[in-house]
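Down below is the structure, laid out as structure tokens.
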Amino acid sequence: MALLPILRYPDPRLHKKAAPVEVVDEGIRKLAADMAETMYAAPGIGLAATQVDVHKQVIVIDVSEDKSRLLTFINPVILERVGEQACEEGCLSVPGIYEKVVRAERVKVRALDLQGKEFTLEADGLLAVCIQHEMDHLQGKVFVQYLSRLKQERIRTRLAKQSRITA
Ligand code: NI
């Protein structure tokens, strides 16, 4: 396994749309394993392939306390959205920024697993937020795009300063 470099907002590659995976093969399983390792090391609770500059519809998520419930979604589709919740979100591609975003309270998702088998999952609370956040990444959308233009501008300025300091 290998740690993958994570793109940082406002990198334009974060706005590319991911293509569906045609065959779940060893290459996809290796990508998912590397993404999981990268997510745990960061540390984070979710990662989309877009964030590691691979534009395929693969996401990994683990919202458990003890990091024991790794979920992999390939070609995920949301079948149902119910209710609303506002949750403070962060993102490994937008370090140090936390903002409230309104999303569905519950979602029903269909996806393929690492064997290429279809499954459906119903999620609520944090897991539902995380699924929606990661699926946005596959569409080229970063959570800060839900915020006002002024806030987005401030975040871009702040992250640009940080990268000058660390570069
Ligand atoms: Ni994110």
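A short reminder: the numbers here are calculations on the coordinates, not readings from a lab. The shown structure was predicted, so the numbers you read here are calculated from the model rather than taken from an experiment. Please note: Cβ atoms are built from the backbone with ideal geometry, for glycine as well, and neighbour counts cover all protein chains shown.
Using a Gaussian network model on the chain with a 10 Å cutoff between Cα atoms, which of 44, 125, 96 fluctuates the most?
Greatest mean-square fluctuation among the candidates belongs to 96.
For 122, 88, which order do you get if you count the other beta carbons within 10 Å of each Cβ and list the fewest first? If you can, show how the numbers build up before the last one.
Values: 122 13, 88 9.
Fewest to most other Cβ atoms nearby, the residues stand as 88, 122.
Could you give the distance between the Cα centres of region 85-129 and region 144-167, to the whole Å?
What the calculation gives is 23 Å, centre to centre.
Which percent, nearest 5, of DSSP beta bridges in the chain are antiparallel?
95
Using the Cα centre of the chain as the reference point, and only Cβ charges (+1 on K/R, -1 on D/E), how large is the resulting charge dipole? Debye, rounded to the nearest 20.
It comes to approximately 840 debye.
Roughly how many nanometres apart are two label points built 7 Å out from the Cα toward the Cβ at residue 1 and residue 77?
A separation of 3.1 nm, rounded to one decimal place.
Angle between the Cα long axis of helix 26-41 and the longest principal axis of the chain, 0 to 90 degrees, nearest 10?
50
Within the set 100/141; 56/117; 30/67; 30/56; 17/67, which residue pairs have Cα atoms separated by over 22 Å?
17/67
Divide by every residue of the chain the summed helix terms, -39500 (n - 2.57) for each DSSP H run of at least 4, and state the resulting mean residue ellipticity at 222 nm, rounded to the nearest 500 deg cm²/dmol.
Roughly -9500 deg cm²/dmol at 222 nm, from the helical runs in the chain.
Express in nm, to one decimal, how much length is gained between residue 22 and residue 122 on full extension, taking 0.36 nm for each residue of separation and deducting their alpha carbon distance. Intermediate results must be reported in sequence, preceding the final value.
Working: separation 100, 0.36 × 100 = 36.00 nm, distance 2.42 nm.
Stretched out fully, the residue 22 to residue 122 stretch lengthens by 33.6 nm.
To test your reading of the geometry: what angle, between 0 and 90 degrees and rounded to tens, separates the Cα axis of helix 125-138 from the longest principal axis of the chain?
Compared with the principal axis, the helix lies near 80 degrees.
Which one of 60, 40, 76 is farthest out on the positive end of the charge dipole of region 37-78, using unit charges on Cβ (Lys, Arg +1; Asp, Glu -1) and the Cα centre as origin?
76
Show me the trypsin sites (Lys or Arg not before Pro) within region 91-167 that DSSP assigns to loop and that have at most 10 other Cβ atoms within 10 Å of their Cβ. Don't skip to the end; give the middle numbers.
Values: sites: 100, 103, 106, 108, 110, 117, 141, 149, 151, 154, 156, 158, 161, 164; in loops: 117, 141.
Answer by residue number: 117.
So how tilted is helix 149-166 from the main axis of the chain? Cα-based, degrees 0 to 90, rounded to 10.
So the helix axis and the longest Cα principal axis differ by about 90 degrees.
At a Cα cut-off below 18 Å, give the aspartates and glutamates reachable from residue 151, other chains included and same-chain residues fewer than 8 away excluded.
Qualifying aspartates and glutamates at Cα under 18 Å: 11, 88, 89, 99.
Could you give the nm distance between label points at residue 165 and residue 54, where each point is 7 Å from its Cα heading toward the beta carbon?
Reported label-point gap for residue 165 and residue 54 is 3.2 nm.
Taking the beta-carbon count within 10 Å as an exposure proxy, list 56, 17 from fewest neighbours to most.
Ascending number of Cβ neighbours within 10 Å: 17, 56.
Among 135, 35, what is the fewest-to-most ranking by other Cβ atoms within 10 Å?
With the fewest neighbours first, 135, 35 line up as 135, 35.
Would you kindly state how much longer the chain becomes between residue 84 and residue 151 on full extension, computed as 0.36 nm times their sequence separation minus their alpha carbon distance, in nm to one decimal?
21.9 nm
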